[in-house]
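A short worksheet on the structure shown next.
The values are calculated or read from the model by the stated rules, or taken from the named source; none is laboratory data. All figures in this text were calculated on a predicted structure; none of them were measured in a lab. No Cβ is skipped: glycine too gets one built from the backbone with ideal geometry, and neighbour counts run over all protein chains shown.
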Amino acid sequence: MFHARVVFFFGFMLLASLVMAQNNFNGRIGLAGGYFPGWNFSNFDKINSFIELPNSQEFLNSGFFYHGGGGYVYIMIVPNLRIGGVGLGGNQIISSKTNFGSRKEIKFSQSFGGLSIEYTSSIASLNISYGGIIGIGETKFYLKNLIGNSNWNDIWNNFKDTLGTNQSYSNLLSTNYLIFVPTLNIEYSLSRFTALRFGFGYAINFRSNWYLNENEKVQNVPFDKIGNSFYISGGILIGFFSN
């Protein structure tokens, strides 16, 4: 109970100071955070050229669910400039059964997180923020061959058998890289404490190395970087917004 009262007191003092500061500051004042569901559009043409699954399964360029969260605060040094943090990620899975009763599965997973810097222009309750995100991205491919009704002893015996092929196995291909994301976000203030958000971003990924199972560097990768991707996101922000 004591901790709750302390948090409430400091929260109230923060909001009060922001309201009073607004009278002497020519710019927006506030802070907010929220959950951002969205959709990522990645081009899988290069990757699909390596995939040979039964029934011609391949990754779709129509996109996949992308979500995460973030927040920001107006720094009040430069009017209408805000800084914050954003993290988003998602995955797409394809799988197919083989003629031998096993199932092959490939899971593509991509995410990034970084520092956001944006400038905001306002028209009544509508705020338009443009800027960018600088951070680190990660892409992973999980390659699996799954055989049903696995036996504990068989798993360990197959691990010892370096020549065995008719067994479950998995490999992880992964890479980490620098990322820059130009962004445009449109926010509509419902009140001083909530706002609706809709945004766009174009992730520009820079070259990095690939690794097998996070340890062994992969040689002869046929492309020098992960393809850039476009995403859209929405959500609701909760915080404090000045007029």
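Only residues that are among the aliphatic types (A, V, I, L, M) and either over 20 Å from residue 28 (Cα atoms) or exposed (fewer than 15 other Cβ atoms within 10 Å of the Cβ) (or both) were counted across the stretch 69-82, and they come to 3. Just one of (1) loosely packed, with under 12 Cβ neighbours inside 10 Å; (2) assigned to a strand (DSSP E or B); (3) not hydrophobic (A, V, I, L, M, F, W, C) fails for residue 139. It is (1).
One residue stands out among those in the stretch 184-243 that are of a type in the set (Ser, Thr, Tyr) and out of contact with any Ser or Thr (no Cβ under 8 Å at 6 or more places or on another chain): the one that is surrounded by the fewest Cβ atoms within 10 Å (Cβ to Cβ), which is 191. If the condition is being of a type in the set (S, T, N, Q), out of contact with any Lys or Arg (no Cβ under 7 Å at 6 or more places or on another chain) and on the phi < 0 side of the Ramachandran plot, then the stretch 209-220 contributes 215, 219.
Conditions tested, residue by residue: (1) in a strand (DSSP E or B); (2) in contact with a Cys (Cβ under 9 Å, 6 or more places away or on another chain); (3) within 21 Å of residue 71 (Cβ to Cβ).
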position	(1), (2), (3)
159	no, no, no
173	yes, no, no
187	yes, no, yes
191	no, no, yes
197	yes, no, yes
226	no, no, no
233	yes, no, yes
237	yes, no, yes
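Candidates are the residues of the stretch 82-104 that are in contact with a Leu (Cβ under 8 Å, 6 or more places away or on another chain) and at pLDDT 90 or above; the one that is farthest from residue 54 (Cα to Cα) is 83.
For the stretch 173-198, the set of residues classified as over 17 Å from residue 228 (Cβ atoms), within 20 Å of the chain's Cα centre (by Cα) and free of Cβ contacts under 8 Å to residues at least 60 places away in the same chain consists of 173, 174, 196, 198, listed by residue number. If you scan the stretch 88-122, which residues turn out to be under 30 Å from residue 28 (Cα atoms), surrounded by 15 or more Cβ atoms within 10 Å (Cβ to Cβ) and aliphatic (A, V, I, L, M)? Hits for the stretch 88-122 are 88, 117.
In the set (1) touching a Phe, Trp or Tyr at 6+ places or on another chain (Cβ under 6 Å); (2) in a loop (DSSP other than H, G, I, E, B); (3) aliphatic (A, V, I, L, M), residue 88 fails one condition alone, (2).
Residues that are assigned to a strand (DSSP E or B) and surrounded by 16 or more Cβ atoms within 10 Å (Cβ to Cβ) were ranked within the stretch 41-68; the one that is farthest from the chain's Cα centre (by Cα) is 64. Quick check on the stretch 61-80. Is at least one of its residues over 28 Å from residue 188 (Cα atoms), modelled with pLDDT under 95 and either of a type in the set (D, E, K, R) or in contact with a Cys (Cβ under 6 Å, 6 or more places away or on another chain) (or both)? Taking every residue of the stretch 61-80 in turn, none turns out to be over 28 Å from residue 188 (Cα atoms), modelled with pLDDT under 95 and either of a type in the set (D, E, K, R) or in contact with a Cys (Cβ under 6 Å, 6 or more places away or on another chain) (or both). Can you name every residue in the stretch 199-224 that is under 21 Å from the mean Cα position of the chain (by Cα) and either part of a loop (DSSP other than H, G, I, E, B) or more than 16 Å from residue 111 (Cα to Cα) (or both)? Within the stretch 199-224, 199, 206, 207, 208, 209, 211, 214 meet the criteria. Of the residues examined, residue 85 is not one that is free of Cβ contacts under 8 Å to residues at least 60 places away in the same chain and buried (at least 19 other Cβ atoms within 10 Å of the Cβ).
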